[in-house]
Each structure stands twice: as C-alpha cells, then as structure tokens.
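First comes the structure, then the notes that go with it.
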Amino acid sequence: MATTLKGARLLSIVVALGLGAACAPNPSPGALYVVRRPPPVRAEVIGVAPRPGLVWIGGFWRWGGADYAWVPGRWAAPARGNRLWTPGHWRHTRRGWYWVEGRWR
C-alpha cells in the first residue's frame, strides 16, 4: 500500500513546461506547475541593513521537485537605475501553482 500512496503522490505533481499560456496570466516561458498549494510565507526577522542603500528581499517557498523548501530573505543592492523590489509570488491557475519571479523597478 505504501507504494500505491507513493505513486499517487507522484501523480499529484503536475509539471507542464512552456504550456498553459492561454489559461495562465503571463506565465514565464518554461513555467513549472505544481498541484500542491505552497505553504504560508514564513515570518522573518529583518534586522538593520549591513550598509546603506541595500533593500530587503523577503524569503519565499521554492519547489524542489518533491516538496517545497524555504529560501530565506536577504539584503541586496538594487539593480542599476532601480530602487523598488517587487516580490515574487505563487500564482494559481487551473493547471496548478506557478512561481512569478520578483523583479527590480
């Protein structure tokens, strides 16, 4: 029975590469779709920036192929000509969940 449950879990993970543009609002090329909802975002303690001019980029859940793994937040220097970080987020469609990368503005 354990093998059946393991197989069912594997079948519950749907991966579609480069498909779904018609039903997903602006997925990136090669979007990876995951059936299971990502866990809630973790609360992070944000200390003082190690030097002036850095921007906090919050942590997020990354899909690792079998489960989600937490990627901790970090301080980063803005990309040249930008000052605002728009955080990445998980977006849901009929195909499942896919990651939208954060970006500088």
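The values are calculated or read from the model by the stated rules, or taken from the named source; none is laboratory data. Just so it is clear, the structure is predicted and the values come from calculations on it, not from any experiment. To get the accessible areas, we keep the full protein, side chains included, count just its heavy atoms, and leave off ligands, DNA and RNA. Shrake-Rupley method; radii C 1.70, N 1.55, O 1.52, S 1.80 Å.
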*For region 1-44, how many residues are farther than 19 Å from V100 by Cα and at pLDDT below 95?*
12
*Report the residue count in region 59-84 for those that are more than 25 Å from V34 (Cα to Cα) and hydrophobic (A, V, I, L, M, F, W, C).*
5
*Tell me, which residue of region 84-96 that is at pLDDT 95 or above and assigned to a loop (DSSP other than H, G, I, E, B) is most open to solvent (accessible area, probe 1.4 Å)?*
P87
